[in-house]
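Have a look at the structure below before the remarks.
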Amino acid sequence: MSRVTVFLYGVVCYLIFFGTFLYAIGFIGNIAVPKSMDSGPEPSFSEALIVDAALLGIFAIQHSVMARQWFKRGLTKIIPHAAERSTYVLLSSLLLIFLFWQWRPMGGIIWDVQNGTGRIVLYAMYAFGWLTVLTATFLINHFDLFGLRQVYLYLRGKEYEALPFRTPGPYNHVRHPLYVGWLFAFWSTPTMTAAHLVFAIATTAYILLAIQFEERDLVRFHGELYRDYKRRVPMLVPLIDRNSRRVARRSPGLESSAAGRSSPRSQSR
């Protein structure tokens, strides 16, 4: 593949991702899209549960397997290294599109907030979740995370260099603000249907599992540097931060300077 072809491939992959991202906002929130989580004819509950669980499972397997280093090494024997991240983004987006298309509503209301103020608050939390997701990606370099930086450097004939590990803004308070944003987006709804609940539970379980694999890779990349970060900064809930800092002060060997921390977070995703 020529450098121009790889670059154009990366741009197309990114555009497909961004369109999928925007559609996901409407799909999960049942807002202004032709096919949303709770729209369309309802099959039997058992059929819907089986189909939806399979769709979520396929996406989770792809998302996890392609993020592993052994898979990346195998993939880059077939395609240029610069296109590896874009390929991951493309396949993830296509599977999400397939999920949107084939998703089955289940009916059944778990909760339904009718109070006007309550609905506004929940929609605000929903918007906060998506904004947090997007902001978190830009804080650690959005374009590297989704493959554009790699194909751009390849186009210019420059060697790819991993980004330094930084903890800007919310990364000083939780290790995974990106996942915090997803959790807000998945759970903040004034009307929680059975289908939405299945989606929220499955994606939450996946996030908690994915964090374990991701942090194992980060420890492998950065050793004690990331172990120290784990000791000082809570995983998802900022309020735990006070306790963790108190423990760090009392325990010998846990103190570490914040200066000089560096880690290519995107490599483990």
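Highest GNM mean-square fluctuation, the chain, Cα pairs closer than 10 Å: which of Thr76, Thr87, Thr117? Most flexible of the set in this elastic network: Thr117.
For Arg231 and Arg166, the FRET efficiency from 1/(1 + (r/R0)^6), where r spans their Cβ atoms and R0 equals 22 Å, is about 0.75.
In this label model, Trp111 and Arg156 are separated by 4.9 nm, measuring between points 7 Å along each Cα→Cβ vector. Once you order the gyration tensor axes a ≥ b ≥ c over the Cα atoms, which shape class does the stretch 1-146 get: rounded for a/c under 1.5, otherwise prolate or oblate by comparing a/b with b/c? Prolate.
Pop out the carbon and sulfur fraction of the accessible area of the chain as a percent, whole number, probe 1.4 Å. Intermediate results must be reported in sequence, preceding the final value.
Numbers: 9220 of 13510 Å².
Within the chain, the accessible surface is 68 percent carbon and sulfur.
Per residue, how much accessible area does the chain have with a 1.4 Å probe, in Å²?
Values: 13510 Å² over 269 residues.
Averaged over the residues of the chain, the accessible area is 50 Å².
Mind checking the dipole of the chain: about its Cα centre, +1 per Lys or Arg Cβ, -1 per Asp or Glu Cβ, Debye to the nearest 20? Result for the chain is approximately 1140 debye, rounded to the nearest 20. Exposed loop sites are taken as GluC sites (Glu not before Pro) in a DSSP loop (any state but H, G, I, E or B) with at most 11 other beta carbon atoms within 10 Å; the longest stretch of the chain without one runs 1-158.
Kirkwood Rh and Cα-based Rg: tell me the resulting Rg over Rh for the chain, rounded to two decimals. Could the numbers behind the result be given before it?
Numbers: Rg = 20.1 Å, Rh = 20.2 Å.
For the chain, the value is 0.99.
Over all pairs of different C-alpha atoms in the stretch 99-204, the reciprocal of the mean inverse distance, the Kirkwood hydrodynamic radius, equals 16.3 Å.
Is the stretch 73-150 best put as rounded, prolate or oblate by its Cα gyration tensor, with a ≥ b ≥ c the root eigenvalues, rounded for a/c under 1.5, and otherwise prolate when a/b is larger than b/c, oblate when not? Here the stretch 73-150 falls in the oblate category.
Each label was represented as a point 7 Å from its Cα along the Cα-to-Cβ direction; for Gln62 and Ser44 these points are 2.8 nm apart.
Hey, can you list the DSSP H helices of the chain whose Cα span along the axis is 18 Å or longer and whose average Kyte-Doolittle score is at least -0.5? Don't skip to the answer; put the middle values down first.
Numbers: long enough: 3-29 (39 Å, 1.80); 45-65 (30 Å, 1.45); 84-102 (27 Å, 1.07); 116-139 (34 Å, 1.21); 194-222 (41 Å, 0.83).
Helix filter hits for the chain: 3-29, 45-65, 84-102, 116-139, 194-222.
Take Ala54 and Phe98, extend 7 Å from each Cα along the Cα→Cβ direction, and tell me the distance between the two endpoints in nm. Placing both labels 7 Å beyond Cα along the Cβ direction yields 1.1 nm. Of interest is the spacing of the C-alpha centroids, which for the stretch 29-85 and the stretch 1-21 amounts to 19 Å. Think of the chain as a dipole: +1 on every Lys or Arg Cβ, -1 on every Asp or Glu Cβ, centred on the Cα centre; then among Val65, Pro170, Ile201, Pro170 lies furthest on the positive end. Mean residue ellipticity, 222 nm, helices only, the chain: the sum of -39500 (n - 2.57) across DSSP H runs of n ≥ 4, divided by residue count and rounded to 500, is -20500 deg cm²/dmol. Between Thr5 and Val219, what is the FRET efficiency for a Förster distance of 30 Å, r being their Cβ-Cβ separation, to the nearest 0.05? So, using R0 = 30 Å, E works out to roughly 0.25.
The values are calculated or read from the model by the stated rules, or taken from the named source; none is laboratory data. Being a predicted model, the structure only gives us computed values, none of them experimental. Glycine gets a Cβ as well: all are built from the backbone with ideal geometry, and neighbour counts include every protein chain shown. Just so you know, the surface numbers come from the protein's heavy atoms only, side chains and all, with ligands and any DNA or RNA stripped out. Shrake-Rupley method; radii C 1.70, N 1.55, O 1.52, S 1.80 Å.
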